[in-house]
Structures are given as structure tokens and as C-alpha cells.
Amino acid sequence: MMLDFYLIADDQSEPNNREFNLEYIGGIRADLFYRLQTEGVIESWFDYYSDFRWESEIVARIFLKLQQRPKSAALQKEEKEFSTVLQKAIDAKSGVLAFGD
């Protein structure tokens, strides 16, 4: 099970269904999502099993929190991949739309 992320401009309306033409930029597994919530990197009100949207400001904030964690919490492979997903959105000056599958 993965939470998939797609680029979506902050001013773009959400598609009505999952048949859309947004760029897939990566995904994360539930265990990483919940660990990052426990650490306060991802806010607790986001639900892994519900679709949600992060505007570009939220993406940047999460990216910064991920990078500013204590040195002892070195980025693991999955965390680096998630960081890359966030960086893609930042580079595109875009938010993300997340779908759990």
C-alpha cells in the first residue's frame, strides 16, 4: 500500500475523479508516513487512507522539517525518496495531491 503524490498547482482545482492528467512524482508507505507524523514532520490531522492536498507552502514546511531533524535521525532510504518527492514539488513551485491506494 502506497500513498501516491501528484503535482498540482496551488490555483488548480482538484479533478472530479482519479482519471486525471497530473504528473506522478512518487509515493511513501504507511510506516514512514506514521513515523513522520509521530515525529511532528507531518501534521497529525492528515490521514494516510484519505485523499488530501498540500499546497506549496505546506510542501515547503514539511520539507524543511524533514531536513531540520536532529543529526542522529539521519535520512533513511525511504525518507530520502520522500524528500525527493517534496523537492520535485518545490522545484515546480507546486503543491501535491495525495491518493492512498
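The values are calculated or read from the model by the stated rules, or taken from the named source; none is laboratory data. Not measured: the values here are computed from a predicted model. Note that each Cβ is placed from the backbone with ideal geometry, even for glycine, and that neighbours are counted across all protein chains shown.
Structure notes:
- So I58, is it in contact with a Phe, Trp or Tyr (Cβ under 7 Å, 6 or more places away or on another chain), surrounded by 15 or more Cβ atoms within 10 Å (Cβ to Cβ) and aliphatic (A, V, I, L, M): no
- Answer residue from the range 34-50, given it is among the polar types (S, T, N, Q) and closer than 13 Å to I62 by Cα and is surrounded by the fewest Cβ atoms within 10 Å (Cβ to Cβ) among those: S44
- Strands (runs of 3 or more DSSP E) lying entirely in the range 1-61 (those with 3 or more residues that are under 14 Å from the mean Cα position of the chain (by Cα) and over 18 Å from K80 (Cβ atoms)): 2-8, 52-54
- Filter result for the condition that a residue is loosely packed, with under 11 Cβ neighbours inside 10 Å and at pLDDT below 90, over D11, D91, D101: D101
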